[in-house]
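No lab work stands behind these numbers, since they all come straight from the coordinates. Predicted model only: the values in this text are computed from it and were never measured. Here Cβ is always computed from backbone atoms with ideal geometry, including for glycine, and neighbour counts include all displayed protein chains.
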Amino acid sequence: MTPTDVKQKALKQRLKEEAAAIGIDKIGFASADPFVTMKERLTVQQQKGYASGFEKGSIAERTEPDLLLPEAKTILSIAVAYPSKLKDAPPSRKGSRRGVFCRASWGEDYHHVLRRKLEKLQAFIEAEIPGVRVRSMVDTGELSDRAAAIRSGIGWSGKNCAVITPEFGSYVYLGEMILDYAIEPDQPLESQCGTCNKCVDACPTGALIQGGQLDSSKCIAFLTQTKDMLPEQYRKKLGNRLYGCDTCQTVCPENKGMDHHHHEELEPEPEKVKPLLQSMLFLSNKEFKQTYGKMAGSWRGKKPIQRNAVLALGTLKEEAAVPDLQKVLLEDVRPVLRAAAAWSLGQIQTADAQHALHTASEKETDPMVEKEILEARMIGEE
């Protein structure tokens, strides 16, 4: 082993120890070479119309690290584990139905949590390697978090398109740092999915086309974040989800027994992550920001979440919600919310629900909402 190798090994060990001290659960290192295979896959995704539209940057920027940091040599990937089980979960009962935020939105917004950890790690690296140039990213950066994590040995690519780690399953947040300094890379892990296809079979909308390929436009996690009226075929599939979807993770055998509570800031507040559906309908912008603003699930604002709450009440046929749904239908200024309320009243189909639809039909002027009211009333006449 050369003196340079010894120096590199010692540096890598110090970085791992510092990362652990900062509260990073796993760290890996990879070369900053272009992600050729990922580039090909993303091109196919785009051609097939499977992209979500939330992706940042061009395909080249997402797969060529040196476009983001000139002379990039190393990608340092991190993983931070989050809880999968909610302690003291409030019950959802007839008359007091509850919605749910996915696990990735529990606790404080992970973007902020991981950025703080990366900033501390960057300061340590800059002290250890004078003159080094660094660029850090968490989820919203151009570089593919998953591709970087897989190459750096954090985990393997699951058939559910998540990175699955041996230690924490797929319940991890990912971040990365590009350096213009070479550090010995770690070895990628072999996939352990084998013939298991549970995630593909369990996907509520068939968004997992095959193992490792996702049609984002069908994915419930994506659909919960859209702002328009949901297509008819997806409304009941939403269930009581307000933001995100965990189905492809909860059925994964690699996640069995995985529930890690390492970070206080990521601990969920039961009433926030499983709120009463009717309590969501009339929140002001101020109230929404005060209550949910620090959660990752708030990033698209209250409209998608309120729409999802309205649809969930209809899917659950919650008769106690008819007065509130009528109020939304008659008074909400947003056509999407009125349309969702009309659909839900049509699902509930009590006399009061039909009366609300009839009353609204006499004053509604928006074509989309008029169509939903008409179709909802026709259900009752069948």
Give the cross-link partners of Lys94 among the lysines, using a straight C-alpha distance below 16 Å as the criterion and excluding same-chain residues fewer than 8 apart.
Lys274, Lys317
Please list, or write none, the lysines whose alpha carbon is within less than 17 Å of the alpha carbon of Lys371, excluding same-chain residues fewer than 8 places away.
Lys363
Considering the Cα positions of the stretch 216-287, please state its Rg to one decimal place and its Dmax as a whole number of Å.
15.1, 41
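Please arrange Ser279, Ser77 by how many other C-beta atoms lie within 10 Å of their C-beta, fewest to most.
Least crowded to most crowded, the residues run Ser279, Ser77.
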In nm, the gap between the two label points placed 7 Å beyond Cα toward Cβ at Ile209 and Asp186 is 3.1 nm
Bridge type composition, the chain - antiparallel percent by DSSP, nearest 5
95 percent
Could you give me the ³J(HN,Hα) list for the stretch 225-235, computed from phi with Karplus coefficients 6.51, -1.76, 1.60 and θ = phi - 60°, whole Hz, x at Gly and Pro?
9, 6, 10, 8, 5, 6, x, 3, 5, 9, 5
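Can you give the direction-averaged projected area of the convex hull of the alpha-carbon atoms in the chain, in nm²?
Its Cα hull, projected and averaged over all orientations, spans 20.9 nm².
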Grab the beta carbon distance between Gln13 and Lys317, set R0 = 41 Å, and tell me the FRET efficiency rounded to 0.05.
0.10
Taking a quarter of the surface of the Cα convex hull of the stretch 119-263, what do you get in nm²?
10.8 nm²
Find the all-direction average of the projected area of the Cα convex hull for the stretch 99-141, expressing the result in square nanometres with one decimal place.
3.6 nm²
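Report the FRET efficiency, 1/(1 + (r/R0)^6), for Gln233 and Ala20, where r is their Cβ-Cβ distance and R0 is 45 Å, rounded to 0.05.
Here the calculated transfer efficiency is 0.45.
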Out-of-range pairs (alpha-carbon distance over 24 Å; input Lys26/Lys85; Lys39/Lys198; Lys26/Lys73; Lys236/Lys256; Lys303/Lys327; Lys237/Lys294)
Lys39/Lys198; Lys236/Lys256; Lys237/Lys294
Arg98's amide H: which non-local residues (gap 5+, or another chain) put their own amide H closer than 5 Å, with H modeled 1.01 Å from N in plane and none for Pro or chain starts?
Arg93, Leu277
In the neighborhood of Ser152, defined by Cβ-to-Cβ distances under 10 Å, what is the net charge if each Lys or Arg adds +1 and each Asp or Glu adds -1?
0
Taking a cut-off of 24 Å, what percent of all Cα-Cα pairs in the stretch 245-344 are separated by more than that?
35 percent
For the residues Leu242, Leu329, Leu118, Leu15, what sequence is obtained by ranking on other C-beta atoms within 10 Å, fewest first?
Leu15, Leu118, Leu242, Leu329
Among Met368, Met38, which comes first, second and so on when ranked by fewest other beta-carbon atoms within 10 Å?
Met368, Met38
Can you compute the modelled spin-label distance between Asp201 and His355, with each label point 7 Å from Cα toward Cβ, in nm?
4.9 nm
In the Gaussian network model of the chain, springs joining C-alpha atoms below 10 Å, which of Ser92, Ser157, Ser144 carries the largest mean-square fluctuation?
Ser92
Treating cross-link reach as a plain straight distance, find the aspartates and glutamates whose alpha-carbon is under 14 Å from the alpha-carbon of Lys12, omitting any fewer than eight places away in the same chain.
Glu126, Glu128, Glu184, Asp186
